[in-house]
Amino acid sequence: MSLTGTPFLCTIVVLSVVALILPLLLWSRTPGPKPLRAAARVLMLLFTQGTAVTLVFVLVNNQNGLYDNWADLIGTGDHVQRAADLGRDGTGGIALKRLPRVAQVFRPADGPGMRAAGGVRVTQLRGRVSGVNAEVYVWLPPQYGEPAYRHRRFPVVELLPGYPGSAKAWFGALGAHQQVLPLMRDGRVAPFILVAPRTNLLAGVDTGCANVPGQVNADSWLSVDVPRMVLDNFRAQPAPSGWAVAGYSAGAHCAVKLAVAHPDRYRAAVSLSGYNDPIGERNSLAAQSPALRARNNPYLLLRKAAEPPRIALYVSGESGDGYQAGAALQAVAKAPTTVHVVFLPRSAGGHTMALWRPQVPEVFRWLTLQMGQNRARGEDGSLAGAGTAPLSGTGSGDGAAGSTPRSLSSADSTHAALASGTSSRAAAGRRR
């Protein structure tokens with residue numbers, strides 16, 4: 001029975017009702033000696049509490065897309081077949097353009113939100129470079145199947161969840177495809193192909209989208225294997241001009257890191273409540289050593305880049321939860337790199353889906369402009385000639401305004417240290 005399926009939810013609801021009724025009916029009718037009656041009553045209470053806790057967990061899990069299946073929850077999932085040393089570019093010297101095309105088999109995806117807005121499809125992908133074997137979810141825009149667009153190639157956005165997090169979360173809990181569908185139909189948002197690959201690749205650890213020889217090649221999985229699969233199977237625009245990556249929480253860190261590290265693969269990145277230093281997630285594989293932390297810290301990568309990358313970054317967050325990370329990136333960015341920072345007030349929703357979901361429409365409008373998809377309308381906001389964007393006073397995705405802090409670190413030194421990459425593990429802590 002699927003962890004996120006309706007049958008399991010209904011079963012837990014029924015058991016919860018039964019657990020509530022049993023004490024009412026049997027409390028004074030339990031036969032046997034006094035010790036036996038006491039034991040039976042204790043078991044009834046434990047059954048009631050257990051089913052109540054399980055029901056709350058299932059509802060929270062379905063609402064936030066934390067665990068996709070039983071293996072993820074129990075910690076037995078392992079999607080890494082091999083983790084060879086692939087070198088600095090993450091390709092292992094493989095000539096990607098010479099790899100033969102592989103046609104994937106797709107099926108309709110199951111779960112909350114998967115059948116909405118035309119439906120999401122899923123495939124099991126064996127990464128030819130990374131050695132990862134995991135599922136990838138794909139949603140096609142409404143124009144994809146229209147005759148007028150049959151020769152059109154479409155831009156792509158990779159969507160990354162937090163940790164723990166399901167690849168389905170962008171379609172389920174955030175309902176991204178349902179939110180952007182009407183915007184795509186009326187031309188306010190470009191017809192993007194949405195791709196959500198699994199990021200929970202090892203049991204009990206956040207890969208931090210890093211390549212760690214002998215353990216996992218998460219970077220190559222996300223930035224090489226998944227894009228290659230999309231290009232092989234769909235009419236997708238080539239990298240980097242047609243590709244962006246977006247994430248929330250731990251996925252936000254990954255999104256910015258991938259774009260900064262691979263400007264030849266991505267044109268833009270979106271970070272919702274993210275961080276720069278991998279130690280922002282206590283269970284991050286990329287925080288195992290100072291050297292590994294430095295190689296996967298987008299702030300340090302951007303600051304030390306020999307040539308500023310031609311990318312655009314959108315970073316939103318509350319003070320102490322994403323805002324300082326964006327301000328730090330903005331402080332070291334040089335043209336043609338652009339960084340747009342959105343400050344969100346504490347009242348906007350906290351580190352939850354309630355904060356991220358309303359931002360989806362604005363994020364895709366920004367991506368449409370930054371990737372040059374609206375030139376015909378004279379609304380081109382692409383990177384050509386653009387400098388660093390100023391700090392925004394925009395609030396949450398519904399347009400509410402928030403006052404921008406006067407300094408880049410208005411909370412405390414811990415937040416500033418996490419933003420720049422000078423924090424200690426003891427001071428770090430990240431929710432999802």
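So, with a 1.4 angstrom probe, what is the percent of accessible area on region 1-140 that is carbon and sulfur? Mind dumping the intermediate values first?
Working: 5490 of 8490 Å².
Within region 1-140, the accessible surface is 65 percent carbon and sulfur.
Within the same chain, lysines fewer than 8 places from LYS334 are excluded, and of the rest, those with a Cα less than 24 Å from its Cα are LYS257, LYS304. Rg of the Cα atoms in region 1-68, relative to 2.2 N^0.38 Å, amounts to 1.37.
Counting only heavy atoms of protein chains, what accessible area per residue, in Å², does region 180-321 have with a probe of 1.4 Å? Don't skip to the answer; put the middle values down first.
On the way: 3630 Å² over 142 residues.
Roughly 26 Å² per residue, with all protein chains present.
Each peptide in 354-362, 78-86, 214-222, 272-280 was scored by the mean count of other Cβ atoms within 10 Å over its residues; highest first, the order is 272-280, 214-222, 354-362, 78-86.
Give the relative contact order (percent, whole number) for region 117-208; include only Cα pairs under 8 Å separated by 6+ residues. Don't jump to the answer; show the numbers that get you there.
Numbers: 137 pairs, mean separation 31.5, N = 92.
Taking the mean separation of contacting Cα pairs over the length of region 117-208, I get 34 percent.
Length gain on complete extension for the stretch ARG282 to ASN69, per 0.36 nm per residue less the alpha carbon to alpha carbon distance? Intermediate results must be reported in sequence, preceding the final value.
On the way: separation 213, 0.36 × 213 = 76.68 nm, distance 2.25 nm.
Here the answer is 74.4 nm.
Let me have the relative contact order for region 206-339, percent, based on Cα pairs under 8 Å that are six or more residues apart. Present the calculation step by step, with values, prior to reporting the outcome.
Working: 251 pairs, mean separation 28.7, N = 134.
Across region 206-339, relative contact order equals 21 percent.
Counted over region 168-313, the DSSP beta bridges are approximately 25% antiparallel. What residues of region 1-20 lie in the reach of a label at ALA52, counting those whose backbone N is under 17 Å from a point 7 Å from the Cα along Cα→Cβ? Once the point is set 7 Å along Cα→Cβ of ALA52, 12-20 turn out to lie under 17 Å by backbone N, inside region 1-20. Placing pseudo-labels 7 Å out from each Cα toward the beta carbon at ARG82 and LEU96 gives an inter-label distance of 1.9 nm.
The values are calculated or read from the model by the stated rules, or taken from the named source; none is laboratory data. What you see is a predicted model, and the numbers here were worked out from it, not measured in a lab. Positions of Cβ are generated from backbone atoms using ideal geometry, with glycine treated the same way; all protein chains shown enter the neighbour counts. The accessibility values were calculated without ligands, DNA or RNA, using every heavy atom of the protein model including side chains. Shrake-Rupley method; radii C 1.70, N 1.55, O 1.52, S 1.80 Å.
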